[in-house]
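Q: Let me give you the structure first, and then I'll get to my questions.
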Amino acid sequence: MFKNVTLFALAAFILTVGVVSAQDWRHGIPWQTPAVVTPGERLGAPPSDAIILFDGTDFSAWDREWLIEGGAMVAPERGNPARRDIRTRQAFGSVQLHLEFASPAEVTGGGQSRGNSGIFFGDNRYEVQILDSFENPTYYDGMCASIYKQMPPFVNASRRPGEWQTLDIIFNRPELRIERGADGARDVVYVIRPAYVTVFHNGVLVVNHFELKGSTFFNRPPVYEAHEPKTPILIQAHGSGGRVKFRNIWVREIPDTNMIPEPNRPPFIQRGNEEIPLPPPNPR
């Protein structure tokens, strides 16, 4: 008798679990079908939806030519009139950017005068710093992978001088409303949504969804300035402390925000073929 009762209770439990597990909460949000993207064949290789900015062969994606040395792009020597910042021909908004860089193997100088360069978004306004920061003290918000003059990296993930390193940057563009000032000569900038930056340095998360306070000036406080929603990406030809090399540069255009579509119906419970409406939330 006891055995039969036990079996009956077990069967009732299994039936209850089955009924509960068949109950599916639906939120009523009309998600779009995610696009299929083929990942790169190796770590750091571009996925199928990437836009190749530099693959070691030419500068067709850029507004000017630097030098190509061993499959890497490098700015001309200081004093050469061709030594200028290099910009993408295409303008971008929110992006995932991947690049590899190497500071000079021979160390000259220190602090900011050692393998200095930078990656700029927003028409040369928002900089992620590139610097030889291996055993090289400097101000913290000017270290490699910092948001220049606004946010130091959580940790210093720098490799030795001359070794190849990676930067993976997620840049979410700001949404700005630009109005002409009362004097007609100066724009008034209203920040609808600030810019955000996330940085991985050599695979290590060093800046996590940081809210930019405005342009990353060297000599004055940050403030948002007028610029187009999409702008070129710039690599700086700084030149202090030797020439920095770059290779394997690609970018993916991404949504500006993680906006959730509005539900096209109220949430409900799906139980088999039956749809059960949920009661409205209790007012507080």
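Just so it is clear, none of the values below were taken in a lab; they were calculated from the coordinates. Bear in mind the structure is a predicted one, so any value in this text is a computation, not a measurement. All Cβ positions, even for glycine, are placed from backbone atoms using ideal geometry, and neighbour counts span all protein chains on display.
Q: Can you tell me which residues in region 126-142 are buried (at least 22 other Cβ atoms within 10 Å of the Cβ) and either touching a residue at least 60 places away in the same chain (Cβ under 8 Å) or farther than 20 Å from Arg247 by Cβ (or both)? Reasoning before the result, please.
A: Step one: filter region 126-142 for residues buried (at least 22 other Cβ atoms within 10 Å of the Cβ), giving 126-133, 136.
Tyr126, Glu127, Val128, Ile130, Asp132, Asn136 - these are the residues of region 126-142 that are buried (at least 22 other Cβ atoms within 10 Å of the Cβ) and either touching a residue at least 60 places away in the same chain (Cβ under 8 Å) or farther than 20 Å from Arg247 by Cβ (or both).
Q: Something else about it: Looking only at strands (runs of 3 or more DSSP E) that lie completely in region 187-284, which have at least 1 residues being under 30 Å from Gln23 (Cβ atoms)?
A: On the way: elements: 187-193, 196-201, 204-211, 245-253, 268-271, 274-277.
Where strands (runs of 3 or more DSSP E) fall fully within region 187-284 and carry at least 1 residues being under 30 Å from Gln23 (Cβ atoms), they are 268-271, 274-277.
Q: So, of the residues in region 97-121 that are in a strand (DSSP E or B) and not hydrophobic (A, V, I, L, M, F, W, C), which turns out to be farthest from Ala75 (Cα to Cα)?
A: So in region 97-121, the residues in a strand (DSSP E or B) come out as 97-102, 117-121.
Narrowing the set further to residues that are not hydrophobic (A, V, I, L, M, F, W, C) leaves 98, 100, 117-118.
On the way: His98: 19, Glu100: 15, Ser117: 10, Gly118: 13 Å.
The residue in question is His98.
Q: What number of residues within region 39-76 satisfy the criterion of being of a type in the set (Val, Ile, Thr) and farther than 18 Å from Asp168 by Cα? Lay out the reasoning, then the answer.
A: Filtering region 39-76 down to residues of a type in the set (Val, Ile, Thr) leaves 51-52, 57, 68, 74.
If we keep only those that are farther than 18 Å from Asp168 by Cα too, we end up with 57, 68, 74.
Residues flagged as of a type in the set (Val, Ile, Thr) and farther than 18 Å from Asp168 by Cα within region 39-76 amount to 3.
Q: Listed residues Arg89, Arg125; which is touching a Gly at 6+ places or on another chain (Cβ under 9 Å), charged (D, E, K, R) and closer than 22 Å to Arg252 by Cβ? Break it down stepwise before answering.
A: Values: Arg89 fails: touching a Gly at 6+ places or on another chain (Cβ under 9 Å).
From the options Arg89, Arg125, the qualifying one is Arg125.
Q: Can you name the residue in region 105-122 that is over 24 Å from Pro46 (Cβ atoms) and buried (at least 18 other Cβ atoms within 10 Å of the Cβ) and, of all such residues, is farthest from the chain's Cα centre (by Cα)?
A: Of region 105-122, the ones over 24 Å from Pro46 (Cβ atoms) are 105-116.
Now restrict to residues that are buried (at least 18 other Cβ atoms within 10 Å of the Cβ): 107, 112, 114-116.
Working: Val107: 30, Gln112: 24, Arg114: 25, Gly115: 23, Asn116: 21 Å.
That would be Val107.
Q: It is to be established whether one or more residues within region 226-245 are charged (D, E, K, R) and surrounded by fewer than 17 Cβ atoms within 10 Å (Cβ to Cβ).
A: Taking region 226-245 and keeping what is charged (D, E, K, R), we get 228, 230, 243, 245.
Those still in the list that are surrounded by fewer than 17 Cβ atoms within 10 Å (Cβ to Cβ) too: 228, 230.
Yes, there is a match, as at least one residue in region 226-245 is charged (D, E, K, R) and surrounded by fewer than 17 Cβ atoms within 10 Å (Cβ to Cβ).
Q: Checking Val155 against (1) touching a residue at least 60 places away in the same chain (Cβ under 8 Å); (2) within 23 Å of the chain's Cα centre (by Cα), which test does it fail?
A: Condition not satisfied by Val155: (1).
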